[in-house]
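Visitor: This is the structure I have questions about; it appears just below.
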């Protein structure tokens, strides 16, 4: 009697669906990774481009560059005879100019002979008693700034401007005298030209 062959095709049909799940998992992982990449890219664009200021406000958002102060010594110490009061007295002073505009450094060095000459005349017009007070020295600083600015072609400093070291003093004085009939105007620091003068030495003998 002939025997029936084993039903192998049926087994093959049953095994075929079992091989499908690994491919489905692999496709699912790929889809998830792609979605994550798309979401991350969109979030990056949103935070970098979406919140960027408009072209009209982009330049306004940029802070103006702040220049560092430059200190330019005016060469050797000045030595001048002062106005005679009680005998011969002379002044020996080292002067350094402070500026905030970098381009002024070269201008000051080029005009150094003229600046020094005019300052020699200015210093020799002072008396010992005039330069021994704080007020006298502050007045001299303002006059030196005026002379230096004039040589540099910047004109006299504005009446509302004052050397940087005087600004705080003037503001405090204005506040202290606020109850006076006429209030003293607040003096703002000078920001163009020569903004301050520093004495590296100041000897009266």
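Visitor: Would you please name the residue that is farthest from residue 123 (Cα to Cα), looking only at residues in segment 87-99 that are surrounded by fewer than 19 Cβ atoms within 10 Å (Cβ to Cβ) and in contact (Cβ under 8 Å) with a residue 12 or more places away in the chain? Reasoning before the result, please.
Guide: To start, the set of residues in segment 87-99 that are surrounded by fewer than 19 Cβ atoms within 10 Å (Cβ to Cβ) comprises 87-90, 92, 94, 96, 98.
From what's left, in contact (Cβ under 8 Å) with a residue 12 or more places away in the chain: 89-90, 92, 94, 96, 98.
On the way: 89: 12, 90: 10, 92: 10, 94: 12, 96: 15, 98: 19 Å.
Looking at residues that are surrounded by fewer than 19 Cβ atoms within 10 Å (Cβ to Cβ) and in contact (Cβ under 8 Å) with a residue 12 or more places away in the chain, I get 98.
Visitor: Output the residues belonging to segment 100-117 that are surrounded by 14 or more Cβ atoms within 10 Å (Cβ to Cβ) and more than 14 Å from residue 146 (Cα to Cα). Working first, answer last.
Guide: Residues of segment 100-117 surrounded by 14 or more Cβ atoms within 10 Å (Cβ to Cβ): 100-101, 104-105, 107-108, 111-112, 114-116.
Result: 100, 101, 104, 105, 107, 111, 112.
Visitor: If residue 120 satisfies every condition in (1) surrounded by 14 or more Cβ atoms within 10 Å (Cβ to Cβ); (2) at pLDDT 70 or above but one, which is the exception?
Guide: Going through the list (1) surrounded by 14 or more Cβ atoms within 10 Å (Cβ to Cβ); (2) at pLDDT 70 or above, residue 120 breaks only (1).
Visitor: Among the residues of segment 84-97, is any at pLDDT 95 or above, part of a helix (DSSP H, G or I) and within 12 Å of residue 144 (Cβ to Cβ)?
Guide: No, the conditions are met nowhere in segment 84-97.
The values are calculated or read from the model by the stated rules, or taken from the named source; none is laboratory data. What you see is a predicted model; the values in this text were computed from it and never measured. Please note: Cβ atoms are built from the backbone with ideal geometry, for glycine as well, and neighbour counts cover all protein chains shown.
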